[in-house]
Amino acid sequence: MTRFDRLPWAREQRKGGGLKNWETSEVMEPIRETCRRLHLRCERNNTGLARGLKNSSVMKLHTAGTWDLEVYVPDAGCSVMVECKMPGEGLEPAQAEWGGIYRACGKETIVATSVHEFLRGLDLIRERRSQCRSVSRTS
């Protein structure tokens, strides 16, 4: 059973025939646009399979559970993994496992249900990182 079997509202038919993922259009795309406006490099981590453009070969993308976005924040000196969720949803087990791996590797993480939540998380990370840098300079 796939996630979309359990959550039929998560995708709906678009005019062009494709399926619309609400999580992507309502949460992820506004966050990506905000990153563009803030001049932060933001990369999307797609999962699953994709067909080649010139031939019918299939290539595997990132593994299931990898978080949606990686945002590079030079002024904080780190990259931030962002998982976009619809309000009221929690992390799936594979996503929680990847979150632990990211934190163990020293990456910052944000689970965001809106642009405002993403920006609050980003501000907290910047503040914490600047305090750590100022403490290490005085030591």
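The values are calculated or read from the model by the stated rules, or taken from the named source; none is laboratory data. These numbers come from a predicted model, not from an experiment. Protein only, heavy atoms only, side chains kept; ligands, DNA and RNA dropped before computing areas. Shrake-Rupley method; radii C 1.70, N 1.55, O 1.52, S 1.80 Å.
A 1.4 Å probe, protein heavy atoms only, puts the accessible area of Thr109 near 40 Å².
For Trp22 and Arg37, the difference between the fully extended length at 0.36 nm per residue and the C-alpha to C-alpha distance is 3.2 nm. Direction-averaged projected area, Cα convex hull, the range 38-139: 8.6 nm², rounded to one decimal.
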